[in-house]
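First up is the structure itself, then whatever we jot down about it.
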Amino acid sequence: MRTLDDLRLFEHLARTLHFGRSAAECHVTPSTLSRTITRLESETGSRLFDRDRRSVALTADGARFLDFTSTVLTAWEGFVDTGHDSGPMTGTVSLFCTVTASQTLVPSILRRFRESYPGVDLDIQTGYAAEAIQRLVDGAVDVSIAAIPGRAPRGLLAHTLTSMPFVLVKAADAGCDLTRTVSPSWGTVPFVLPATGLARTLVDRWFRRLRVKPTVAAEANGHEAILSLVLLGSGVGFVPELVVRQSTLADRLEVLSVAEPMPSFDIAVCIRPDNLERPPTRALWESLTA
């Protein structure tokens, strides 16, 4: 529940009176914490903190709001604890993933959870892979299935589901000057690359290691969009293998064989530790990590 998360952030800041410390301990970015306080001040119509470059202090209205916040959070915890013994678990858990993950990984990994907790609603949101971690950090979702570079992002818990290599693809009916081993001609081949995020970081690192300065013909945020650009003749695409396997365009694409090991990443379910305080979210996490 987003409102309760906002109240928890406010209560923590009211105790520490330090934006940096509260942001770190609550596993949110300082900008997220600042936006939350601004939103609460707008909704209450009161200035809750006096703050400048050197200090943070509760105002009189802030102190009254802290009493209200403590009462609400205590009442909520009592209600949830009582609810554990009164019947099946209910509530909603929001999960972010890519379209590809929603069609391949999500049905299988969530089946046991759905069987165990039929009263919990799943709010599955899809978007670009590069959004997954930030959406979680900002509190927009409870859980994200994200691409990570082999370790949990700072301030988050992560459980690896699978590892996924990248592949190079071209249109099946198109010619290609890309040799199997690295050669000077690689620098003249047009490439279609991820625009942002971990995927672009891994791609750039791979080219630097091979001492190749790629000709970037096009960029796209979505891996599926990269495949479309490849079929339109823009160049050789750099995408995760799973995306190619599951694409409806797969029979019109050709995966290129290259001698150099391709970069890879882990696909993991990620969560903010404070989200485990909510029983439905904790139940989902425990189901996925058991």
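Which one is modelled with the highest pLDDT among residues in segment 263-276 that are surrounded by 15 or more Cβ atoms within 10 Å (Cβ to Cβ) and outside any strand (DSSP E or B)?
Going through the qualifying residues, I end up with Pro263.
Can you spot a residue in segment 193-201 that is assigned to a helix (DSSP H, G or I), surrounded by fewer than 20 Cβ atoms within 10 Å (Cβ to Cβ), of a type in the set (Lys, Arg) and modelled with pLDDT under 95?
Scanning segment 193-201, I find at least one residue that is assigned to a helix (DSSP H, G or I), surrounded by fewer than 20 Cβ atoms within 10 Å (Cβ to Cβ), of a type in the set (Lys, Arg) and modelled with pLDDT under 95, so the answer is yes.
Can you list residue pairs whose Cβ atoms sit under 8 Å apart, with the first residue in segment 172-195 being of a type in the set (D, E, K, R) and the second being crowded, with 16+ Cβ neighbours inside 10 Å and assigned to a loop (DSSP other than H, G, I, E, B)? Count only pairs 6 or more apart in sequence or on different chains.
Taking only residues 6 or more apart or on different chains, the pairs are Asp177/Val189; Arg180/Val258.
Could you list all residues from segment 191-205 that are more than 21 Å from the chain's Cα centre (by Cα) and within 16 Å of Val169 (Cα to Cα)?
Phe191, Val192
Working only within segment 12-41, note down all residues that are at pLDDT below 90, assigned to a helix (DSSP H, G or I) and within 19 Å of Thr281 (Cβ to Cβ).
Across segment 12-41, the qualifying residues are His12, Glu25, Thr32.
Considering only residues that are closer than 30 Å to Val212 by Cβ and either in contact with a Cys (Cβ under 8 Å, 6 or more places away or on another chain) or among the β-branched types (Val, Ile, Thr) (or both), which ones fall in segment 138-180?
Ala146, Ile148, Pro153, Thr160, Thr162, Val167, Val169, Lys170, Thr179
Please go through (1) touching a Phe, Trp or Tyr at 6+ places or on another chain (Cβ under 8 Å); (2) surrounded by fewer than 15 Cβ atoms within 10 Å (Cβ to Cβ); (3) among the small types (Gly, Ala, Ser) for Gly20 and return the number of the only condition it doesn't satisfy.
(1)
I'd like the full set of residues that are in a loop (DSSP other than H, G, I, E, B), modelled with pLDDT of 90 or more and either loosely packed, with under 13 Cβ neighbours inside 10 Å or in the same structural domain as Gly197 (by TED's automatic domain parsing) (or both), limited to segment 83-141.
Pro118, Gly119
Residue-by-condition table, conditions (1) under 21 Å from the mean Cα position of the chain (by Cα); (2) closer than 30 Å to Ser287 by Cβ:
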position	(1), (2)
Pro165	yes, yes
Thr179	no, no
Val189	no, no
Phe207	no, no
Val216	no, no
Ile226	yes, no
Val236	no, no
Val243	yes, yes
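The values are calculated or read from the model by the stated rules, or taken from the named source; none is laboratory data. If you're wondering where the values come from, they're calculated on a predicted model, not measured in any experiment. Counting neighbours? That spans all protein chains shown, and the Cβs are built from the backbone with ideal geometry, glycine included.
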